Amino acid sequence: MRRARTWLPGLLLVAPSIILIGVFVYGMLGWNFRVAMTDQHDAVSEGEFVGLQNFIDIWDQQRWHLSVNHAIMFTVVFVAGALVLGWLLAFLMEKGIRGEGTFRAIYLFPMAISFVATGIVWRWLMNSGTQERAVGLNRLFDWIGLPQWQWFRDPDWGMAAMALPAIWQMSGYVMALFLAGFRGVPEELREAARVDGCTEWGVYRHVVLPLLRPVTLSALIILGHISLKVFDLIVAVSGKQIITDVPAVFMWVAVFDSNDPAKGATIASYIVLSVAIFVIPYLIWSVRKERRS
């Protein structure tokens, strides 16, 4: 009873959250995987168990290959762009500038906006109209004499352009992570490196940047899982077009437009597994790090 008095109140306090997460997160994930392993390809039948057949058959569909390729391009451009821009902003802020608080607020403000609102604004900015029909960025490019682009309607680089709104929205958050990392590096280590003859760039290369690896890993995990399940930004900018199709949009079309629950659940399962590839190793690394410390 004495031992129970130490852990039972805490368990009772968090029990509602554990139950809700167990039912509405892991329970729904289990239900999704169950549907993905059936042949329920219409809205009325219950379907029979077919194992992993749906997971294999979907690779025979051209649209699935296209959506996966688009997701990979979006992820690479978005993650790399947000990391580089966020690091650069943090580097400039770390040097100490006037009105730092104002700039921090300006850079972080886009994160407070939903992807839907961001998509609506950037849909106008990235309008593919040219010449007299040009608006947004194309009008600006025409005014300063730069070539006008097709943006997200470009068949080759459309998904790279689609990553620009996401980079704009999340780079401020990455900046905040890196800025906290910069400020967490003891000044004594920097001074010791300077005494040893390091230039300012050498200090960052050999002292600061290695200490920022945990921050970089955290930012990489956060950005990676956001990009792999992106849906609202894509739909807000271009709708459900094949030219900007990603697995999440394909899943929506399969379930609600084609009335194919099994295919939609299969796509959702692949999205969950792809996110797990990012998140699970990070969680294992975090747990091991806490145990060592």
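Miscellaneous remarks
- Region 1-125, dipole about Cα centre (Lys/Arg Cβ +1, Asp/Glu Cβ -1), debye to the nearest 20: 980
- Residue separation of GLN61 and ILE284 scaled by 0.36 nm, minus their Cα-Cα distance, works out to 76.8 nm of gained length.
- Value at 222 nm in deg cm²/dmol, rounded to 500, when DSSP H runs of n ≥ 4 in the chain each add -39,500 (n - 2.57): -21500 deg cm²/dmol
- Accessible heavy-atom area order of MET73, MET111, highest first, probe of 1.4 Å: MET111, MET73
- Rounded to the nearest whole Hz, the Karplus-based 3J(HN,Hα) values (6.51 cos²θ - 1.76 cosθ + 1.60, θ = phi - 60°) of region 8-25 follow the sequence 5, x, x, 5, 5, 5, 8, 4, x, 5, 4, 5, 4, 5, x, 7, 8, 10, with x at glycine and proline.
- Among 18-28, 180-190, the order from most to least packed when residues are scored by Cβ within 10 Å on average: 180-190, 18-28
- Accessible area (Å², 1.4 Å probe, nearest 10) - HIS41: 80
- Protein heavy-atom surface of region 71-119, 1.4 angstrom probe: 78% of the accessible area is carbon and sulfur, with nucleic acids and ligands not counted.
- Reachable aspartates and glutamates, given that their alpha-carbon falls under 20 Å from the alpha-carbon of LYS95 and they are not under 8 places away in the same chain: GLU187, GLU188, GLU191, GLU200
- Accessible surface, per residue, of the chain when the full set of protein chains is kept, probe 1.4 Å, Å²: 59
- Rounded to whole Hz, the Karplus (6.51, -1.76, 1.60) HN-Hα couplings of region 39-53, x for glycine and proline: 9, 7, 9, 8, 7, 10, 7, 7, x, 9, 5, 10, x, 8, 4
- With all protein chains in place and ligands, DNA and RNA left out, the 1.4 Å accessible area ranks GLU200, GLU290 as GLU290, GLU200, largest first.
- Put simply, the amide H of GLN40, placed in the peptide plane, has neighbours under 5 Å in GLU48, ALA262, leaving out anything fewer than 5 places away on its chain.
- Normalised contact order of region 157-293, rounded percent, pairs of Cα under 8 Å and 6 or more residues apart: 21
The values are calculated or read from the model by the stated rules, or taken from the named source; none is laboratory data. Everything quoted here is computed from the prediction, not taken from an experiment. Methodologically, a virtual Cβ is constructed for each residue, glycine included, from the backbone with ideal geometry; neighbour enumeration extends over all protein chains shown. Accessible surface is based on the protein model in full, side chains and every heavy atom, while ligands, DNA and RNA are left aside. Shrake-Rupley method; radii C 1.70, N 1.55, O 1.52, S 1.80 Å.
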